[in-house]
1. Scan the stretch 69-99 residue by residue and report those that are in a strand (DSSP E or B) and of a type in the set (Gly, Ala, Ser).
2. If Asp85 satisfies every condition in (1) under 17 Å from Lys130 (Cβ atoms); (2) at pLDDT below 90 but one, which is the exception?
3. Pick from the stretch 140-149 the residues that are within 13 Å of the chain's Cα centre (by Cα) and buried (at least 18 other Cβ atoms within 10 Å of the Cβ): which of them is nearest to Gln88 (Cα to Cα)?
4. Taking the stretch 1-48 as the search range and keeping residues that are in a loop (DSSP other than H, G, I, E, B) and out of contact with any strand residue (DSSP E or B) (no Cβ under 8 Å at 6 or more places or on another chain), which one is most open to solvent (accessible area, probe 1.4 Å)?
Amino acid sequence: MKVILTEKITRLGNIGDTVEVKTGYARNFLLPNNKAMRWSRENVALFEAQKAELQARHENAKKAAEAKVDAVKNAKMYMIRQAGDTGQLYGSVSSRDIARTLKEIANVDVSSAQVMLGAPIKSIGAFDTKIALHPDVIVPIKVYVARTNDEIEALVAGKVLTFGTKKVEEEAPVAEEAPVVEADRVESETAEVAE
């Protein structure tokens, strides 16, 4: 479906661009949220009449986002979660959790879609992510996930946390010995059959 963008959309286009998108994306997201209008000669003329207003709205939204940059950069994103002895979380930290924490700490209201996390965080550590306050205003932040405040302080200081290294080393030789024993048993069975 051919649409005219009424708002800048990352990886799609700027205000006024005519783009071809999938019908479902246009009907379910772009058109209901007033981010685009169907392409037609009448809508092109309508867009040209509204272009100055749309660009002014875009600039105002960008200025409002730039005003929040310092609050987001200075937010201390420390998350205490339960984890096992290996450092794996029992749950995960999602973009929704980060958005909620940012609202509590910095009083900056963002949706989970604005948190550019990629995949949920499933282990203890320090993670880099970005917050898209506006398509033109993207702020990098660091998220610290640990079991206790002491571990968070260690992560902030740049220390590397290690978990259960002795247990992993003890289990490794056992896994290597098992196939050797299996191979000896198979050789003895074939020798008995040959006799």
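The values are calculated or read from the model by the stated rules, or taken from the named source; none is laboratory data. Here the structure is a predicted model, which means the values were calculated and not measured. We place every Cβ from the backbone using ideal geometry, glycine too, and count neighbours over all the protein chains shown. For accessibility, only protein heavy atoms count, side chains too; no ligands or nucleic acids. Shrake-Rupley method; radii C 1.70, N 1.55, O 1.52, S 1.80 Å.
1. Selection gives Ala83, Gly91, Ser92.
2. Against the list (1) under 17 Å from Lys130 (Cβ atoms); (2) at pLDDT below 90, Asp85 comes up short only on (1).
3. Among residues in the stretch 140-149 that are within 13 Å of the chain's Cα centre (by Cα) and buried (at least 18 other Cβ atoms within 10 Å of the Cβ), the one nearest to Gln88 (Cα to Cα) is Val143.
4. Result: Arg11.
Residue-wise test of (1) open to solvent by less than 70 Å² (accessible area, probe 1.4 Å); (2) under 30 Å from Leu5 (Cα atoms); (3) in contact with a strand residue (DSSP E or B) (Cβ under 9 Å, 6 or more places away or on another chain).
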{"position": "Ala75", "(1), (2), (3)": "yes, no, yes"}
{"position": "Gly91", "(1), (2), (3)": "yes, no, yes"}
{"position": "Asp97", "(1), (2), (3)": "yes, no, yes"}
{"position": "Thr101", "(1), (2), (3)": "yes, no, yes"}
{"position": "Val110", "(1), (2), (3)": "yes, yes, yes"}
{"position": "Gly118", "(1), (2), (3)": "no, yes, yes"}
{"position": "Ile138", "(1), (2), (3)": "no, yes, yes"}
{"position": "Glu151", "(1), (2), (3)": "yes, no, yes"}
